[in-house]
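Engineer: Quick one: the structure is below, questions incoming.
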Amino acid sequence: MNTFAIDADGWCNGARHVPSPNRDERPAGMPVDLVVIHNISLPPGEFGSDHVERLFTNTLAADAAPGYGDLVKLRVAAHFFIRRDGEVIQFVSCLQRAAHAGTSRWQGRARCNDFSIGIELEGTDLQPFSPAQYASLLPLLQAIAAVHPIGSIVGHNDIAPERKTDPGPYFDWRQIYAALPQRCPKSYQEPSSPGL
């Protein structure tokens with residue numbers, strides 16, 4: 001299992017740093033108490049390209065793959081991206097706000113970007129994530145929780161259920177909450193998905 005630590009500037013030792021312009025300052029005094037898990041693959045269903053990295057740094061070419069014309073207009077980024085092989089890339093300091101959640105709400109609070117850290121896993125809703133991804137995700141979550149008062153770890157579908165389904169039915173929440181039981185939302189129920 002990998003080892004990570006978040007430094008005083010909000011950057012993760014052990015991750016590759018690729019700063020994104022799609023960030024800004026959080027509201028003054030806002031504690032970071034939520035982690036949101038997402039999935040992404042570009043082109044959809046394909047793994048291993050640099051297209052997610054390019055999307056998050058506004059360098060994705062519209063002709064790089066079919067359907068990218070509107071995608072390149074987005075100005076989005078998660079704090080972290082975990083590839084299928086377990087490599088962790090950080091785009092935004094944990095101290096800053098990243099554009100990952102969109103219109104969202106958690107426990108009566110809107111604008112989840114204000115108080116959350118976003119982690120994208122290279123994948124889809126249609127297949128399991130790799131053991132290497134969990135081997136990076138678990139210690140990364142522990143490193144984040146060591147420096148921020150994380151109250152819950154949830155999926156994008158939990159904060160935007162009307163428009164998002166990720167990380168999908170194959171994501172192993174049991175593994176996450178076994179390692180970090182105090183971050184399990186009260187609303188969590190044991191999954192009964194085909195992938196677990």
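Engineer: If only one of 34, 55 is open to solvent by less than 30 Å² (accessible area, probe 1.4 Å), out of contact with any strand residue (DSSP E or B) (no Cβ under 6 Å at 6 or more places or on another chain) and among the hydrophobic types (A, V, I, L, M, F, W, C), which one is it?
Structural biologist: Details: 34 fails: out of contact with any strand residue (DSSP E or B) (no Cβ under 6 Å at 6 or more places or on another chain).
Checking each option against the conditions leaves just 55.
Engineer: So for segment 185-193 (the condition being surrounded by fewer than 21 Cβ atoms within 10 Å (Cβ to Cβ) and charged (D, E, K, R)), does at least one residue qualify?
Structural biologist: Initial filter on segment 185-193 (surrounded by fewer than 21 Cβ atoms within 10 Å (Cβ to Cβ)): 185-193.
Narrowing the set further to residues that are charged (D, E, K, R) leaves 186, 190.
Yes.
Engineer: Can you pull out the residues in segment 37-52 that are without any contact (Cβ under 8 Å) to a residue 40 or more places away in the chain and open to solvent by less than 40 Å² (accessible area, probe 1.4 Å)?
Structural biologist: 42, 43, 49, 51
Engineer: Residue 45 - would you say it is over 15 Å from the mean Cα position of the chain (by Cα) and within 20 Å of residue 135 (Cα to Cα)?
Structural biologist: Details: over 15 Å from the mean Cα position of the chain (by Cα): yes; within 20 Å of residue 135 (Cα to Cα): no.
Here the answer is no, as residue 45 does not meet what is asked.
Conditions tested, residue by residue: (1) out of contact with any helix residue (DSSP H, G or I) (no Cβ under 7 Å at 6 or more places or on another chain); (2) β-branched (Val, Ile, Thr); (3) touching a residue at least 24 places away in the same chain (Cβ under 8 Å); (4) more than 17 Å from residue 172 (Cβ to Cβ).
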residue	(1), (2), (3), (4)
32	yes, yes, yes, yes
62	no, no, no, yes
84	no, no, yes, no
88	no, yes, yes, yes
128	yes, no, yes, no
134	no, no, yes, no
145	no, no, yes, yes
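Engineer: For segment 109-129, which positions are exposed (fewer than 15 other Cβ atoms within 10 Å of the Cβ) and either part of a strand (DSSP E or B) or at pLDDT below 95 (or both)?
Structural biologist: The answer is 109, 110.
Engineer: Hey, another quick one. Within segment 89-101, how many residues are under 28 Å from residue 132 (Cβ atoms) and either open to solvent by 30 Å² or more (accessible area, probe 1.4 Å) or assigned to a loop (DSSP other than H, G, I, E, B) (or both)?
Structural biologist: Counting residues in segment 89-101 that are under 28 Å from residue 132 (Cβ atoms) and either open to solvent by 30 Å² or more (accessible area, probe 1.4 Å) or assigned to a loop (DSSP other than H, G, I, E, B) (or both) gives 9.
Engineer: Same structure, new question: Mind checking which residues of segment 34-60 are part of a loop (DSSP other than H, G, I, E, B) and under 25 Å from residue 169 (Cβ atoms)? Before you say what the answer is, go through the steps one by one.
Structural biologist: In the first step, residues of segment 34-60 are kept if they are part of a loop (DSSP other than H, G, I, E, B); the result is 41-50, 57-60.
Residues satisfying the conditions are 41, 42, 43, 44, 45, 46, 47, 48, 49.
Engineer: Can I ask one more? With respect to residue 86, determine if the residue is in a loop (DSSP other than H, G, I, E, B), within 24 Å of residue 136 (Cβ to Cβ), at pLDDT 95 or above and small (Gly, Ala, Ser).
Structural biologist: Criteria met by residue 86.
The values are calculated or read from the model by the stated rules, or taken from the named source; none is laboratory data. Nothing here was measured: the structure is a model prediction, and the numbers come from that model. Here the Cβ is made from the backbone with ideal geometry for all residues, glycine too, and neighbour counts use every protein chain on show. Heads up: the accessible areas ignore ligands, DNA and RNA and are worked out on the full protein's heavy atoms, side chains in. Shrake-Rupley method; radii C 1.70, N 1.55, O 1.52, S 1.80 Å.
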